[in-house]
1. Can you list the GluC sites (Glu not before Pro) in segment 114-189 that are in a DSSP coil and have 10 or fewer other beta carbons within 10 angstrom?
2. Do any of LYS94/LYS180; LYS180/LYS214; LYS76/LYS149; LYS72/LYS94; LYS76/LYS214 go past 22 Å between their Cα atoms, and which?
3. Determine which residues of segment 200-221 fall in the zone a paramagnetic label at LEU161 would reach in this model, i.e. backbone nitrogen under 15 Å from the point 7 Å along Cα→Cβ.
4. In straight Cα distance, which aspartates and glutamates are under 15 Å from LYS126, not counting same-chain residues fewer than 8 positions off?
5. Which of the trypsin sites (Lys or Arg not before Pro) found in segment 150-212 are loop residues per DSSP with 11 or fewer other Cβ atoms within 10 Å of their Cβ?
6. For ARG131, which sequence-distant residues (separation of 5 or more, or a different chain) have an amide H within less than 5 Å of its own amide H, given hydrogens modelled in the peptide plane?
7. Using the Karplus curve 6.51 cos²θ - 1.76 cosθ + 1.60 with θ = phi - 60°, what ³J(HN,Hα) values do you get for each residue of segment 202-209, in whole Hz, with x for Gly and Pro?
Amino acid sequence: MQKLGLLRNVLKSGHLIRVGYQNPRISSLLGDSPRAFSTAGGTTTQNSPSLDPFIRNPNTGLMYGTVIGITKHTTKNDILNLLEDCNLTPEDLKVRYTPFFSPIGMLIQFPSMNVFDTAAKTLGRKGRGYRLSMTRPEIWENITSYNGKALLLQDIPRNALQDDIDRFISGCHQDGTSVKLFTRVIEKVPTRMAIVEFPSAILARLAFLTTIRKFCLNNQVLAQVLY
């Protein structure tokens, strides 16, 4: 009885209760080891002012995350179907690519931390090798979204010209001005690539099927739909 009375006195004193919130998502984002946060009167770490500049867009209040474990064949619909309880739209997703267009992850904007946590729990429960980590707002803002309406062409001959690319994709219902030809150095070897934009995702997909195993000059070109 004496111990119970002491416990009541502590609770009435209004002192903060320190709790350890070891969240690996936040730890990896900040580059810090897990640290303790104070909670009082129902305030949680979601509303911590010290964390907001890192994980919340100050203008919109949106949260951002990245789904790790996707491949070049993973579509936005694949992720949306997994996270159907989060009420997301295709506009809430972007694919982040390396400079050589290998997918790093699927970026997602969330209306709140609660929805972020729901998505993290859903991915953990359904598995498939996906995991969700927090992402800074500026990363989302700097990523181009192709929305499945663009085709990446790789292994284009180094001597290929714009006219050669136009002939390669002739009949694919694209506007010639939407072709961007460029070079990337892969393992010290210059590699010609092109991004071709289409009016719709359906037309981009049809162009992908049309150009499978097709040659430009003497090279077989590899096509990939960009999301």
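Every read-out reported here was derived from the displayed coordinates using simple, explicitly stated rules and does not represent laboratory data. As the structure is a prediction and not an experimental result, all values here were calculated from the model. So basically every Cβ, Gly included, is an ideal-geometry build from the backbone, and we count neighbours across all protein chains shown.
1. GLU187
2. LYS76/LYS214
3. Under 15 Å, as judged by backbone N against the label point of LEU161, lie 217 of segment 200-221.
4. Within the straight-line limit of under 15 Å, LYS126 reaches these aspartates and glutamates: ASP78, GLU84, ASP85, ASP117.
5. Passing sites in segment 150-212 are ARG158, LYS188.
6. ILE68
7. 3J(HN,Hα) across segment 202-209, in whole Hz: 5, 5, 5, 5, 5, 5, 4, 5.
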